[in-house]
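First the structure, in the form of structure tokens, and then the observations on it.
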Amino acid sequence: MAAQVARSRRASWSGVPGALRAVPLVGGPVEIRAALDLETTQAGVMPRRLPAWTKEQYQDPSVYGVTVMPSGVRLVFRTDARALELEVLTSTGQFDPHPHPHPHPRPTGMLELLVDGALAGRQQAPVGNVLRMAGPRAVQRLIPGEPGTVRFAGLPAGVKGVELWLPQQTPTELVALRADGDVLAPLPDGRRRWVHHGSSISHCIEADGPTGTRPVVAAALGGVEVINLSQAGNALLDPYVARTIRDTPADLISLKVGINIVSLSAFRLRTFGPAVHGFLDTIRDGHPDTPLLLISPVSCPALEEAPGPTATGPDGRLAALGDPADVAGGALSPAVVRAEMARIAAARQASDPHLHYLDGRELLGPDERMTWPTAYTPPPSHTVEWASALQPTPSRPTVPSAE
């Protein structure tokens, strides 16, 4: 889904050979796909992965923070240019205390260029603003920075399809796009559209680059186009997310929920089931027959039988702070969440034959989870396995596939 409809189908170039000229980012031939909003800023425009109206429905700054991380967002167009430049202003997070107030607080991520579907270049995103904060859900303090420019040169001659993918972990304001040739609107994307919502494992902050995130790899294997609505730390069955999915055109939908709910102790068993039903009901209001896959939590050995909340130790490992005895009174552990989600799916399938269920341990089981380097972060080597596990099976034929 593009954030805006292109009004002008062509940006023509004329002038000194090799010179670059500005290409409109809004209202021109460029489509910004997988963004559901373009927020106007002092520097330019910033893609957001939720509609503008949702900003009034949450107060936690972490929600805004992950929404403007453009996982899966890319600029799409055709061009005969041999060189392109994209000027951006990034905003990189930095937790207190930190010995240095500005330089390189954490990787800014990569911008990746695809030409006719093949990776043609990668550039490190420049450091711009730095957002200091006391913790993951604390108020952010801005240390202003300056825009920077990435350049992709040596592109093949002739008109070609171009995709400029933005870093999945770094809010990125688009300041200017420049090309040394004509820029045309992209051809229609005839692939089926897959809308996915999940937690950090689907957001993929840790991926090597934006085209290496698990949903993007799975989409490539399945021959579909993905809109990634995953929100690291914030897959909490929020009603505004359900309404967003309801209103977003989709041929396939998948929801991977549960682990953030356990980690934040966001629900008890009494409230969790109705919340899942309500989330699904809202989506079905707009997509009554769309194939929908409900995915429960992946394996999490540190939490399996213990409820949240959770904390991360100095070694990066996750620990449950809840008392396992509280599970009998309605506290949620991953095991309880899986059982409840399986029960809900089975109950609904009697009247909803297009609903499917996948136990998250089929994506990442306990043996794989034990090799993770940190509490929440599987290594990039698991990406293809995760993506392959989402492919169709005889009992689940409708999960991301071009067929």
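Bear in mind that the values in this text are calculations on the coordinates, not laboratory data. Bear in mind the structure is a predicted one, so any value in this text is a computation, not a measurement. Here the Cβ is made from the backbone with ideal geometry for all residues, glycine too, and neighbour counts use every protein chain on show.
Count the net charge of all other residues whose Cβ sits under 15 Å from the Cβ of residue 146, scoring Lys and Arg as +1 and Asp and Glu as -1.
Details: positive: none; negative: 87, 173.
Once all neighbours under 15 Å are counted, the net charge is -2.
Scan around residue 234 for amide H atoms under 5 Å from its own, H built in the peptide plane at 1.01 Å from N, and keep only partners 5 or more places away or cross-chain.
Close amide H contacts, sequence-distant or interchain: 200.
Please rank 112, 85, fewest neighbouring Cβ atoms within 10 Å first, as an exposure proxy. Could you put the intermediate results ahead of the total?
On the way: 112 22, 85 18.
By the 10 Å Cβ count, ascending, the order reads 85, 112.
Can you tell me the alpha carbon radius of gyration of region 104-193 divided by the globular rule-of-thumb value 2.2 N^0.38 Å? Walk me through the numbers on the way to the answer.
On the way: Rg = 16.4 Å, N = 90, 2.2 N^0.38 = 12.2 Å.
Taking N as the residue count of region 104-193, the ratio is 1.35.
Using the count of nearby Cβ atoms within 10 Å as a rough guide to exposure, how do 53, 194, 165 rank from fewest to most?
Values: 53 11, 194 25, 165 28.
Listed from fewest to most nearby Cβ atoms, that is 53, 194, 165.
Can you list residues whose amide H is under 5 Å from residue 130's amide H, if they're 5+ apart or on another chain and H is modeled 1.01 Å from N?
92, 143, 145
To make sure I understand, if each residue's beta carbon is the centre and we count other beta carbons within 10 Å, what order do 49, 151, 178, 33 fall in, fewest to most?
Details: 49 26, 151 13, 178 18, 33 21.
If I rank by nearby Cβ atoms, fewest first, I get 151, 178, 33, 49.
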